[in-house]
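Asker: Quick one: structure below, then a few questions.
Rule-based calculations on the coordinates, nothing more; no lab input. The structure displayed is predicted, hence computed values, not measured ones. Here the Cβ is made from the backbone with ideal geometry for all residues, glycine too, and neighbour counts use every protein chain on show.
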Amino acid sequence: MSNSTFKGRDFISILDFRRSDLELMFEKADEMKRFETNGTEILKNRILATLFFEPSTRTRLSFETSMLRLGGGVIGFSDPSVSRMSTGESLADTIRMLDSYANVIVIRHKIEGSARLAAEVAKAPVINAGDGSQHHPTQTLTDLYTMKKEFGGIDGLKIAILGDLRQTRSASSLAYGLSKFKNVKLYLISPDALRMRPEVTDHLNDSSVEYLESSDVNKYLPELDVLYVTRLQKERFTDPAEYEKFRGSYMVTLKMLEESKKGMIVMHHLPRIDEIPLEIDSTPNARYFEQAANGLAARMALLSLIVE
Amino acid sequence: MAEKSYSVEVPGGEAPRLLQLLRNKTSSLIINISWQGKDRIEFTPNERNTSLDNLLVKIRLVCPSAKIEEKDDGEVKQVSEVPVGMWIEGRSISCPNRNCVTVQPKEPTKPKFRLVSWNPVTLQCFYCGRYIKEDVIGQQLS
């Protein structure tokens with residue numbers, strides 16, 4: 001796919017793009033690395049609108065930094081109580097209004113399907129920065145880019161996704177993204193009640209992705225190239241007692257790293273709670289801060305490709 | 001111009017589940033309960049029923065094994081199966097996910113569902129991606 005076919009496209013799910021599109025974005029992200037500090041003027045006079053109806057640190061700040069480094073400007077809010085939606089304005093009306101101000105809209109919302117609705121309403125391209133438990137395509141773009149940089153490619157990797165797979169959008173989104181690559185083996189590790197949702201595993205089946213589901217990560221450590229750890233999604237449990245039941249189910253330990261395959265990396269979409277203790281940070285396996293840093297180049301690449 | 005009519009044959013005892021679906025949508029309706037171990041419903045859609053295709057799909061969603069025949073000016077033909085992957089639009093089915101944008105009262109969405117499987121009947125919401133299972137679909141339609 002050429003750069004021009006990206007222009008104006010929405011990015012709601014990682015499934016919206018083909019493998020070749022993702023590979024082009026990786027190449028573009030490599031190019032963007034040189035602009036991360038000093039910037040460029042590629043998107044001069046373009047405006048990014050950020051609508052964050054849910055808390056965000058990395059995603060929002062990296063989008064805003066990306067647009068500023070590309071020479072554009074940023075409008076928006078990270079606290080919905082300061083918008084008219086707090087007085088009852090619909091999301092659709094809010095998007096229609098912003099559409100006339102911005103060249104690209106980034107939205108995060110707890111309501112699932114919000115980004116898809118925004119894309120239907122807006123003429124400007126819409127990027128989904130997370131909707132409920134469903135999709136988080138730019139996190140996945142960052143995750144895949146990090147794996148590609150670490151291993152030179154993604155085909156054939158053995159990757160465990162660990163934790164709350166039912167409610168973590170980064171987990172389902174990553175599973176969707178990995179389905180684009182060849183001979184990837186997925187280890188879906190979670191308590192039984194927090195298994196990956198059936199629409200995701202059906203997609204893996206339809207895409208002929210080899211995967212297994214288990215609650216025990218330890219026995220697979222000698223096989224894994226990537227241990228992708230997720231946070232228990234406290235905000236999505238309707239029953240606090242259920243959250244407490246699963247809290248602390250998985251914690252990465254130094255002993256686990258000793259038993260792992262040489263070169264295995266530990267990734268996390270962040271923020272972490274207690275699933276990765278501080279002592280892991282200084283091990284050669286830890287990659288979550290590099291992963292977060294790669295989000296800047298990945299989002300700069302995406303913006304530079306889709307903004308008119 | 002002669003009106004088209006339809007004959008729906010379903011397993012014995014299943015016909016009552018379809019009645020709610022057909023209420024106010026037919027100009028004539030004949031029900032034959034447990035005819036040779038099968039229930040049979042014959043109906044002529046009323047003129048106001050502009051979403052006949054959707055009605056036939058809904059009959060299949062409530063009774064996947066329904067055999068549907070169309071009678072048009074003396075000619076009888078089988079109404080073909082709805083293929084897996086087809087999209088079904090409309091508000092007669094509602095996404096059961098309370099966190100889906102389609103059930104937010106102020107948002108102008110037009111619910112749309114992909115037929116994932118006939119056995120068991122499973123739909124997938126276009127907006128939130130969640131699966132809707134047979135029992136929920138049956139409850140909503142019948």
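Asker: Which three extents, in angstrom, do the Cα atoms of the protein assembly as shown have along their principal axes, listed largest first?
Answerer: So the three principal-axis extents are 77, 53, 43 Å.
Asker: Quick one: net charge around B:Pro96, please, counting Lys, Arg +1 and Asp, Glu -1 for every other residue with C-beta under 9 Å from its C-beta.
Answerer: +3
Asker: Arrange the following residues from fewest to most other Cβ atoms within 10 Å of their Cβ: B:Thr44, A:Thr168.
Answerer: B:Thr44, A:Thr168
Asker: Next question. Anything over 30 Å Cα to Cα? Flag those among A:Lys110/A:Lys255; A:Lys44/A:Lys234; B:Lys4/B:Lys38; A:Lys245/B:Lys133, in the order listed.
Answerer: Long pairs (Cα-Cα over 30 Å): A:Lys110/A:Lys255; A:Lys44/A:Lys234.
Asker: Further question: Give or take rounding to whole Å, what are the principal axis extents of the alpha carbon atoms in chain B, in descending order?
Answerer: The principal-axis extents, from largest down, are 47, 34, 24 Å.
Asker: Taking the C-alpha atoms of segment B:5-78, how large are the radius of gyration and the largest Cα-Cα span, Dmax, in Å?
Answerer: Looking at segment B:5-78, its Cα Rg and Dmax stand at 11.5, 33 Å.
Asker: Which value at 222 nm does chain B reach when only helices count, each DSSP H run of 4 or more adding -39,500 (n - 2.57), with the total divided by all residues and rounded to the nearest 500 deg cm²/dmol?
Answerer: Calculated from helices alone, the mean residue ellipticity at 222 nm is -5500 deg cm²/dmol.
Asker: From the phi of every residue in segment A:116-125, what ³J(HN,Hα) in whole Hz does the Karplus formula 6.51 cos²θ - 1.76 cosθ + 1.60 yield, where θ is phi - 60° and glycine or proline is x?
Answerer: Couplings: 5, 4, 4, 5, 5, 7, 8, 7, 5, x Hz.
Asker: Quantify how strongly other chains surround peptide B:126-138 by giving the mean number of their Cβ atoms within 10 Å of each of its Cβ atoms.
Answerer: Neighbouring Cβ atoms belonging to other protein chains average 4 per residue here.
Asker: Strictly over 26 Å apart at the Cα level, which of A:Lys123/A:Lys148; B:Lys25/B:Lys112; A:Lys33/A:Lys219 would you flag in this model?
Answerer: Pairs exceeding the cut-off: A:Lys123/A:Lys148; A:Lys33/A:Lys219.
Asker: Quick one: what are the phi-derived ³J(HN,Hα) couplings along segment A:247-260, Karplus 6.51/-1.76/1.60 with θ = phi - 60°, whole Hz, x for glycine and proline?
Answerer: 4, x, 4, 10, 9, 6, 10, 4, 5, 4, 5, 4, 8, 7
Asker: At q = 0.17 Å⁻¹, work out log10 I(q)/I(0) for segment A:137-292 with the Debye formula, treating every Cα as an identical point scatterer and leaving solvent out; two decimals please.
Answerer: Log10 of I(q)/I(0), two decimals: -0.97.
Asker: On to the next question. Which Cα, out of A:Ile189, A:Tyr145, A:Thr65, lies furthest along the positive dipole direction of chain A (beta carbon charges, K/R +1, D/E -1)?
Answerer: Checking the options against the dipole of chain A, the answer is A:Thr65.
Asker: Counting only other chains, and only Cβ atoms inside 10 Å, what mean value do you get across the residues of B:102-110?
Answerer: Mean inter-chain Cβ contacts per residue within 10 Å come to 5.
Asker: Take the Cα coordinates of segment B:87-141, assign each an equal point scatterer, and use the Debye formula without solvent to give log10 I(q)/I(0) at q = 0.14, 0.24 Å⁻¹.
Answerer: Listed by q, the Debye log ratios stand at -0.31, -0.92.
Asker: Given segment A:45-195 reduced to its alpha-carbon atoms as identical point scatterers, what log10 I(q)/I(0) does the Debye formula return at q = 0.12, 0.20 Å⁻¹?
Answerer: Once normalised to I(0) and log-transformed, intensities are -0.58, -1.21.
Asker: Can you give the charge dipole size of the protein assembly as shown about its Cα centre, rounded to the nearest 20 debye, using +1 on the beta carbon of Lys and Arg and -1 on the beta carbon of Asp and Glu?
Answerer: In debye, rounded to 20, the protein assembly as shown gives about 540.
Asker: May I ask for the longest run of chain B untouched by trypsin sites (Lys or Arg not before Pro) that are loop-located per DSSP and have at most 11 neighbouring C-beta atoms (other than their own) within 10 Å?
Answerer: B:49-90
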